[in-house]
Each structure stands twice: as structure tokens, then as C-alpha cells.
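Enquirer: Supplied in C-alpha cells, the structure appears directly below.
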Amino acid sequence: MKIRRFSIFLPAIVFCTTSFAFECAVSLPEAHNLASSDLKPYKGFTWVGSPRLAAQVPENGHWIGMGPEYQFRDKWWWWREGYNAHDEGKPALEITATMLDGEAPPVHIPHATNAMSAHNPPRWHRILTLMEFPTPGCWEVTATYYENELKFVFQVGG
């Protein structure tokens, strides 16, 4: 009895799995009227948004955080003009994130904390959250602060 090989199917399977790969279209909003002198981003980061709500995000749109072993966890800095950490101990910032290129539970951050500089001057006030993404991939993030919304897409992980 002779065994026949059907090697013709292997290239077709490889073609099917690679042809439909999802490419993350990173979409970061521009910085509009963010002229505050205290908004100095960390190296490799930039501020996006407006005086009503702004976020410090990676310049290249790739969120790495502490890496996959820690669910890409990292601090996330937010700002709005006139925000005072003394007046709003638990800022009304809410963040949701949905994976666009696979299956993962949505991320929901229902509240944030306040932060301020210990140096005087300059004195600054920020909103701070801890962010974790359960898996690498393409994520759409929506942040709301009272009636203000900031939305963008970035790649989590490598």
C-alpha cells in the first residue's frame, strides 16, 4: 500500500491564516491647546487631547507597561485644565478598553486617584490611574471625565 502526501494543502492553510491577519491602525488624537507649562511628558511619551481632558500616551502608539507577565500594567497620567487634586480626591475619570483584534474581557477602570507634585515651584496636579490590559493586541480606549470624552486606539505589547 502506497501512502500519498497531500502537501498542496499546507500552503493553502498557511495562506489562509496569514492573509487575514489584523493590522492595528493606531489612532492617537492630536494635542489641542495644551499650552500648560506644567505638561512636560516623560521621555517617549506625549500629551494628547484638549484642556477638557488629556492623557499622556506613548509617542509611537505602543503600550508596553511592565510587560506581559504583569498584564502590561503601568501608571497612566491624565490632566484637565483647572484640575485641583485637593478639591477632587477621587476624580470622576472612567476608562473602558475593548480589544479590536481578538477575544479578551473588556477593561473597565471606574475611578481614578489624585496626584500632585511635592516640589514647589512648579506645582502641578494630575489624575492618575493604574492600567492593565489582559492580553497584547489592538485596543480601543475611551476615557470620560464628566461630559468630556477622549478616544484612541493603540497597540498593546510587541
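The values are calculated or read from the model by the stated rules, or taken from the named source; none is laboratory data. Remember, it's a predicted structure, so these values are computed and weren't measured experimentally. Virtual Cβ from ideal backbone geometry, glycine too; neighbours counted across all protein chains shown.
Enquirer: Would you point out which residue out of D87, D74 is of a type in the set (D, E), touching a residue at least 24 places away in the same chain (Cβ under 8 Å) and out of contact with any Ser or Thr (no Cβ under 9 Å at 6 or more places or on another chain)?
Expert: Sole residue among the options that is of a type in the set (D, E), touching a residue at least 24 places away in the same chain (Cβ under 8 Å) and out of contact with any Ser or Thr (no Cβ under 9 Å at 6 or more places or on another chain): D74.
Enquirer: Pick from K151, K75: which is under 17 Å from the mean Cα position of the chain (by Cα), in a strand (DSSP E or B), of a type in the set (K, R) and modelled with pLDDT of 95 or more?
Expert: K151
Enquirer: How many of the residues in the range 33-65 are surrounded by 12 or more Cβ atoms within 10 Å (Cβ to Cβ) and either of a type outside the set (S, T, Y) or touching a Cys at 6+ places or on another chain (Cβ under 9 Å) (or both)?
Expert: Matching residues across the range 33-65 total 23.
Enquirer: Now for a different question. Would you tally the residues in the range 34-49 being in contact (Cβ under 8 Å) with a residue 60 or more places away in the chain and assigned to a strand (DSSP E or B)?
Expert: Qualifying residue count, the range 34-49: 2.
Enquirer: Sticking with this structure for a sec: So for the range 113-133 (the condition being in contact with a Leu (Cβ under 6 Å, 6 or more places away or on another chain) and of a type in the set (G, A, S)), does at least one residue qualify?
Expert: yes
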